[in-house]
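First the structure, in the form of structure tokens, and then the observations on it.
What follows is calculated from the coordinates using simple rules that are stated; it is not laboratory data. Just so it is clear, the model here is predicted, and its values are computed rather than measured. Cβ coordinates were reconstructed from backbone atoms using ideal geometry, including for glycine residues, and neighbour counts include every protein chain displayed.
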Amino acid sequence: MICPFCKLKCQYLYTINRFEEPLEIFQCPICKLQMQNTSDPYKYYTKEYFDGTANYNYFDERKYYKYCEYVWNARLKTIKKYKLPPARFLDIGCSFGGFIKSAIKYGYDAEGIDISSYAIQECKKDPVLKNRVFQNHILDFNPTKKYDIITLIEVLEHLPEPQKVFKKLYDLLNEEGLLIIQTANFDGLQAKLQKENYHYYLPGHLFYYSKSNLTKHLKEYGFKQLIYFHGVDFGLIPKLKKMKGFIDSPKYYYKYIRASLYHFLSKVAYKNFALTSSFVLYAFKNK
């Protein structure tokens, strides 16, 4: 495999054997970007993936909307500090559109795209979303107007051809536009210690970034000011409120303790070092 940024042959790192089809992971010798060897990056995104019934899937957020909304609203509260409504807002990988609906309630002019025809068809059943969602890959998406905010929440790692994606994201933003990325930070001690057992190695995840190489490559494509949130870009309480929708028995309440500990450990970070690998990045086009 060749690193899409450095154009160098990547080194074999390890094989992940916990799935029906083993995943081979390679790493760039220069920027340390990790990547998965796969022939078909889109084969996973079937109806079963989006409604939560496949072996490897996304949970059906529609069943937990009121709980997910705690996190969406908390994130929007942070975004509002940097970009006020009615800024134009694009959510890439929008799935069933819950985050878009929350953004609209906040006053943003929000839209979304997803590669899944099933997810977009389901979105269009909602009158709020009907004319605001589009089935498209980011590289083929050509809107008539640019955006002030673009979000990729646990999406960037799914996208092939990242060098083209970064350029496209830059081009889609207005001057001083804001790009928000949530993904795993492979500079984090969590990823380094767990190695091939790290849970983020998944069939649909094609590229594995770090704080250092994501910063480097975003700046190469023109992004100026970068703001880092180790953990997430909101507090603990919204996360615990969201978890309430998934905990259906008192015996699982220990997960609250585990999530709280992880949240506080995630704040232990200095430069490229971090204890955990949860990570959100705000990148401004020109600021």
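Numerical summary
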| item | result |
| --- | --- |
| Candidates per chymotrypsin sites (Phe, Trp or Tyr not before Pro) in the stretch 191-279, loop by DSSP, up to 13 other Cβ within 10 Å | Phe246, Tyr253 |
| The stretch 1-54: GluC sites (Glu not before Pro) in DSSP loop, at most 13 other beta carbons within 10 Å | Glu20 |
| Residue-wise HN-Hα coupling along the stretch 194-204, computed from phi with Karplus coefficients 6.51, -1.76, 1.60 (Hz; x: Gly, Pro) | 7, 6, 5, 8, 5, 5, 6, 6, 10, x, x |
| Relative contact order of the chain, defined on C-alpha pairs under 8 angstrom at six or more residues apart (%) | 19 |
| Neighbour net charge for His230 - beta-carbon separation under 12 angstrom, K R +1, D E -1 | +1 |
| Trypsin sites (Lys or Arg not before Pro) lying in DSSP loop within the stretch 175-243, provided at most 15 other Cβ fall within 10 Å | Lys224 |
| Computed label-point distance, nm, for sites Asn57 and Tyr256 using a 7 Å Cα→Cβ extension | 2.8 |
| Neighbourhood charge, 10 Å Cβ-Cβ cut-off, centred on Gly112 and excluding it, Lys, Arg +1 and Asp, Glu -1 | -1 |
| Euclidean distance of C-alpha centroids, the stretch 101-130 and the stretch 258-272, integer Å | 32 |
| Length released on extending from Lys125 to Lys195, taking residue separation times 0.36 nm less the Cα-Cα span | 21.0 nm |
| Cα centroid of the stretch 152-188 to Cα centroid of the stretch 10-79, whole Å | 15 |
